[in-house]
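Working notes, structure below.
The values are calculated or read from the model by the stated rules, or taken from the named source; none is laboratory data. Keep in mind the model is a prediction, meaning the values are calculated, not measured. Positions of Cβ are backbone-derived with ideal geometry, glycine not excepted, and every protein chain shown enters the neighbour counts. Remember, those area values only see protein heavy atoms, side chains included, never the ligands or the DNA or RNA. Shrake-Rupley method; radii C 1.70, N 1.55, O 1.52, S 1.80 Å.
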Amino acid sequence: MAKDELTVLEGNLSAAGLKIAVVCARFNEFFVSKLFSGAVDAIVRHGGSRGNITQAWVPGSFELPFAVSKLAKSGKYDAVIALGVVIQGATAHASTIYSQVSKSLAQIGMESGVPVIYGVVTVENIEQAIERSGTKAGNRGADAAVAAIEMANLNKKL
Ligand code: INI
């Protein structure tokens, strides 16, 4: 007889053996590089290896979904992280970029069956970008990496 216990599906935070691709938007590269460093550091501190990390660069956040889609569908990665920084005050079409990119990335994750992690920092100004790139509000790249590890491990059980 089956035991009367519930089944819980969740991903652990071990990055050992995980292959993770990180797509970085070069626009606001000053901040995106910090997010990438934070992501690599988090993966390594969770037991992953630098040799299992692939970095790809695209011109700006608008181009993230294209590269993320190709990498997610390649079958080579356990998770794909998209990193970018959109500064709302800097340009009129920043909010258009943000809403389009977030929808596309969610869609790619569901279509490819590979977890896609949203690491695009959307802020009002440069000060907020500084806060989220490794200062008082933490490092969103590191947060995205931890989410990628959890989702990659969960995905093996789903
Ligand atoms: N790309 C960003 O990643 N962040 C921004 O803040 C930004 N702004 O403000 O314009 C930005 N624009 C470039 C865009 O993502 C595309 O690369 C470009 O439009 C070419 O398609």
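The table below gives the values:
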read-out	value
Per residue accessible area in Å² of region 18-158, where ligands, DNA and RNA are left out and the probe is 1.4 Å	49 Å²
Rounded to 5, the percent of DSSP beta bridges in the chain classed as antiparallel	10 percent
Estimated distance in nm for a label pair at Arg45 and Lys136, the labels positioned 7 Å out from Cα along Cα-to-Cβ	2.1 nm
Chain lengthening between Gln107 and Ser33 when straightened (0.36 nm per residue, less Cα-Cα)	24.1 nm
Shape call, region 12-73: gyration tensor on alpha carbons, a/c limit 1.5	oblate
Whole-Hz ³J(HN,Hα) from phi, Karplus 6.51 cos²θ - 1.76 cosθ + 1.60, for region 29-35, glycine and proline x	3, 3, 7, 5, 4, 5, 5
Proximal lysine pairs, the chain, alpha carbons under 22 Å, eight or more residues apart or interchain	15
Distant-in-sequence amide H partners of Thr54 (H built 1.01 Å from N, under 5 Å)	Ile20, Ala21, Val22
Accessible surface of the chain, 1.4 Å probe, proportion on carbon and sulfur as whole %	54 percent
Volume of the Cα convex hull of region 98-158, divided per residue and given in Å³	69 Å³
Cα-based convex hull, the chain, per residue volume (Å³, whole number)	127 Å³
